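The values are calculated or read from the model by the stated rules, or taken from the named source; none is laboratory data. All figures in this text were calculated on a predicted structure; none of them were measured in a lab. Here the Cβ is made from the backbone with ideal geometry for all residues, glycine too, and neighbour counts use every protein chain on show.
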Amino acid sequence: MACRRKFGIPWPECNDGLSYDDVVRTSDSGLTLIEFYSTKYKSSAPLQGWLQRIKSGQITFDGRVVTDSNAVLRVGSKLVYHRLPWKEPDAPHMIEVLYEDDDMIALNKPSGLQVLPGGLFQQRTVLTQLQWKANLHKKPHPVPVHRLGRGTSGILLCAKTKLARVRLASYFADGTSHIEGKRDTNPEIGKIAKIYRGLASGIVENDQVTINQPIGVVKYPCVAKGLYVASESGKPALSVVSILERNVQENSTLVQVKIQSGRPHQIRIHLSFMGHPLLGDPLYDVGGKPKCLDCDSIDESFAEDGGYQRPIKAVPGDCGYNLHAHKLVLSHPLTNEIIEITAPLPSTLQTPEEAKEIASMEQTFQDV
């Protein structure tokens with residue numbers, strides 16, 4: 001059923017902190033506490049940061065606080081690192097429901113809100129709001145079956161049952177396998193198709209462009225698993241870009257992009273690869289690579305909690321660009337009914353005709 005309602009609970013000043021559990025394995029026996037954490041979790045904090053965390057009593061060894069960084073580990077011992085509560089960066093908390101039935105729910109995710117916990121955002125996420133909402137009604141919470149970048153707005157699909165989750169996840173996996181197996185290059189094929197709106201920099205000459213540049217991963221500071229970029233050795237990816245409006249005065253092009261499933265940051269990477277990065281994208285430059293050149297450098301200084309300082313260079317979660325998951329067409333995971341879901345367009349991504357039509361509808365609504 002179609003919906004247009006919102007939900008959301010304001011974020012508390014600080015989150016509840018986190019606890020990370022480890023059990024010492026045979027391969028780690030004999031290591032000191034600092035050796036264990038500074039090598040196994042180097043992406044979390046530099047050496048001096050882990051020393052600070054140990055000395056401040058944030059780590060327990062078999063249930064007892066240990067402040068000796070040279071304590072030797074024993075096989076089977078339980079280690080717990082207690083990350084202190086912190087104030088997460090500002091993020092929206094209200095979320096619009098676009099569609100909901102007994103099996104799934106489609107949300108209109110606002111730009112600036114992260115989907116799943118990660119990095120500085122452990123509580124201020126879509127998942128947390130879904131959990132809080134479910135707790136109020138004492139029901140299991142829906143689970144996102146795909147991701148949108150923090151700066152990307154629009155349709156986020158979530159499953160309400162285990163069966164729906166498995167089938168919806170398979171839709172996305174099948175879409176990627178079509179590309180990987182080169183069985184078809186038409187993004188209309190499959191059980192799900194996504195249509196995005198974006199504002200690209202510069203004037204795109206061709207009315208339609210098909211991009212099949214592979215996407216891979218490179219080492220990048222403050223991104224533990226690496227940064228997704230255009231790479232000939234990467235995995236296949238397909239985007240079909242259509243031009244909606246060229247704005248010569250603003251030197252920008254309003255585009256529609258169709259993808260069947262998608263690699264992480266695929267549209268940002270593909271548009272930048274074709275020479276027209278999303279306007280305001282702080283990370284990706286022409287060629288589908290990051291703007292910085294010294295991607296192997298790492299700042300070893302640490303913040304108050306012992307972790308790395310907020311990166312100076314842009315990271316994937318930074319906002320500033322205009323990208324919106326506008327339409328989603330899929331086969332219902334249980335009934336096979338074709339469902340089409342639309343998320344209202346931000347004003348910056350509307351054509352002049354659409355803007356006039358929306359303004360006229362709003363005026364009519366006010367006059368009623």
Worksheet entry | Candidate set: segment 28-40, residues that are in contact (Cβ under 8 Å) with a residue 40 or more places away in the chain and under 17 Å from His82 (Cβ atoms); chosen: the one surrounded by the most Cβ atoms within 10 Å (Cβ to Cβ) | Tyr37
Practice prompt. Any residue in segment 7-27 that's in a loop (DSSP other than H, G, I, E, B): show its pairings with residues that are among the hydroxyl-bearing types (Ser, Thr, Tyr) at Cβ separation under 8 Å, as long as the two are six or more apart or on different chains.
Written response: Val24/Ser77
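Going residue by residue through segment 1-20, is there one that turns out to be surrounded by fewer than 14 Cβ atoms within 10 Å (Cβ to Cβ), of a type in the set (A, V, I, L, M), within 30 Å of Gly154 (Cα to Cα) and at pLDDT below 95?
Step one: list which residues in segment 1-20 are surrounded by fewer than 14 Cβ atoms within 10 Å (Cβ to Cβ), which gives 1-2, 4-6, 9-10, 12-14, 16, 19-20.
Among the residues that remain, those that are also of a type in the set (A, V, I, L, M) are: 1-2, 9.
Subset that is within 30 Å of Gly154 (Cα to Cα): 1-2, 9.
If we keep only those that are at pLDDT below 95 too, we end up with 1-2.
Scanning segment 1-20 turns up at least one residue that is surrounded by fewer than 14 Cβ atoms within 10 Å (Cβ to Cβ), of a type in the set (A, V, I, L, M), within 30 Å of Gly154 (Cα to Cα) and at pLDDT below 95.
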Worksheet item: When only residues in segment 312-328 that are out of contact with any helix residue (DSSP H, G or I) (no Cβ under 9 Å at 6 or more places or on another chain) and outside any strand (DSSP E or B) count, which is surrounded by the fewest Cβ atoms within 10 Å (Cβ to Cβ)?
Response: Ile312
Response to the item:
Of the conditions (1) outside the structural domain of Pro282 (by TED's automatic domain parsing); (2) over 27 Å from Leu279 (Cα atoms), the single one that Pro89 does not satisfy is (2)
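Condition check: out of contact with any Asp or Glu (no Cβ under 8 Å at 6 or more places or on another chain) and under 26 Å from Cys14 (Cβ atoms). Does Met94 satisfy that?
On the way: out of contact with any Asp or Glu (no Cβ under 8 Å at 6 or more places or on another chain): yes; under 26 Å from Cys14 (Cβ atoms): yes.
Yes; evaluated as a whole, the condition is true for this residue.
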Discussion item. Which of the strands (runs of 3 or more DSSP E) found entirely inside segment 50-126 contain at least 2 residues meeting this: surrounded by fewer than 17 Cβ atoms within 10 Å (Cβ to Cβ) and on the phi < 0 side of the Ramachandran plot?
Written reply: 78-83
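How many of the residues in segment 152-198 are hydroxyl-bearing (Ser, Thr, Tyr), at pLDDT below 50 and in a loop (DSSP other than H, G, I, E, B)? Let's see the steps before the verdict.
Step one: list which residues in segment 152-198 are hydroxyl-bearing (Ser, Thr, Tyr), which gives 152-153, 161, 170-171, 176-177, 185, 196.
Cutting the leftovers down to at pLDDT below 50 gives us 176-177, 185.
Subset that is in a loop (DSSP other than H, G, I, E, B): 185.
Number of matching residues: 1.
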